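Heads up: the structure comes next, in structure tokens.
The values are calculated or read from the model by the stated rules, or taken from the named source; none is laboratory data. Every value quoted in this text rests on a predicted model; they were computed, and no experiment measured them. Virtual Cβ from ideal backbone geometry, glycine too; neighbours counted across all protein chains shown. These accessible areas exclude ligands, DNA and RNA; they are computed on the full protein's heavy atoms, side chains included. Shrake-Rupley method; radii C 1.70, N 1.55, O 1.52, S 1.80 Å.
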Amino acid sequence: MITILRLGHRPARDKRVTTHVALAARAFGADRVLVSTRDPGLERTVHEVVRKFGGPFEIETGVAWKKVLREWRGTKVHLTMYGLPLDEILPRIPRDDLLVVVGAEKVPAEVFDLADVNVAVGNQPHSEVAALAVFLDRLLGGAGIRRILRGRIEIAPSPRSKLVRERAE
Ligand code: SAM
């Protein structure tokens with residue numbers, strides 16, 4: 001079970017990026033995303049993608065992030081450019097009951113202490129979506145994007161055209 005904790009979401013400004021955090025999490029092999037700020041619109045958007053393209057994947061918004069971090073029983077990884085190199089840390093990260101924390105703007109300092117490990121996907125600033133995708137892909141050895149998720153719609157790989165099949169419900 002891999003859970004993503006998205007901190008600092010501001011519904012008016014971050015809707016698109018947080019939606020992409022959730023979609024990248026789902027596509028690259030995570031099971032659910034927790035968002036610190038309540039945002040029913042974001043929940044609806046993600047539920048619709050899951051209905052259309054398949055699941056299982058869950059989203060919960062308005063979570064008490066400090067409580068989640070304090071009470072988490074598995075491993076807590078915070079993705080930050082200030083952390084230790086991904087390649088060095090990866091062999092020591094268990095795959096089950098993992099919480100992966102990503103920020104938006106400045107992450108509260110206590111997150112660095114509450115996490116078991118602060119991990120950098122390179123030490124250059126980029127994006128929570130990029131950091132999450134690379135982290136999950138390396139962690140799962142590409143297995144996340146190879147899964148077949150069954151939804152209403154299925155894409156058939158094609159060299160040139162868009163081949164979409166609709167599944168009868
Ligand atoms: N300047 C911000 C800070 O002090 O944390 C970084 C904001 S960045 C736009 C948003 C999030 O992307 C960060 O909280 C972190 O989770 C992730 N991120 C950005 N670059 C990263 C990197 N090189 N390695 C790991 N995570 C990164």
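Surface composition of region 1-54: carbon plus sulfur atoms hold 56% of the accessible area, using a 1.4 angstrom probe and ignoring ligands, DNA and RNA. The residue 105 and residue 52 beta-carbon pair, evaluated with R₀ = 25 Å, returns a calculated FRET efficiency of approximately 0.20. Here's the picture: a label point sits 7 Å out from the Cα of residue 123 along the beta-carbon direction, and within region 74-105 the residues with their amide nitrogen under 11 Å of it are 82-85.
Since only 131, 148, 118 are under comparison, the one whose Cα sits farthest along the positive direction of the charge dipole of region 2-166, derived from C-beta charges on Lys, Arg, Asp and Glu, is 148.
Note on residue 154 and residue 31: their simple-model spin labels are 2.5 nm apart, each label 7 Å out from Cα toward Cβ. Using the alpha-carbon positions of the chain, Rg (one decimal) and Dmax (whole number) come out as 16.2, 49 Å.
Within the accessible surface of region 129-169, defined with a 1.4 Å probe on protein heavy atoms only, the carbon and sulfur portion equals 55 percent. Accessible surface ranking for 1, 81, 1.4 angstrom probe, highest first: 1, 81. Taking only protein heavy atoms and a 1.4 Å probe, the accessible area of region 72-125 is 51% carbon and sulfur. Protein-only accessible surface at a 1.4 angstrom probe places the residues 93, 145 in the order 145, 93, largest first.
Among 21, 117, 68, the largest mean-square fluctuation in a Gaussian network model of the chain (Cα springs under 10 Å) belongs to 68. Ignoring lysines fewer than eight residues from residue 52 along the same chain, the ones with Cα atoms less than 18 angstrom from its Cα are 162. Computed extension length for residue 114-residue 13: 33.7 nm, one decimal, from 0.36 nm per residue of separation with the Cα-Cα distance subtracted. Rounded to the nearest 500, the helix-only mean residue ellipticity at 222 nm of the chain stands at -11000 deg cm²/dmol, with each DSSP H run of n ≥ 4 adding -39,500 (n - 2.57).
Relative contact order of region 14-124, taken over Cα pairs closer than 8 Å and 6 or more residues apart, is 26 percent.
Averaged over its residues, the chain has an accessible area of 57 Å² per residue, based on protein heavy atoms and a 1.4 Å probe.
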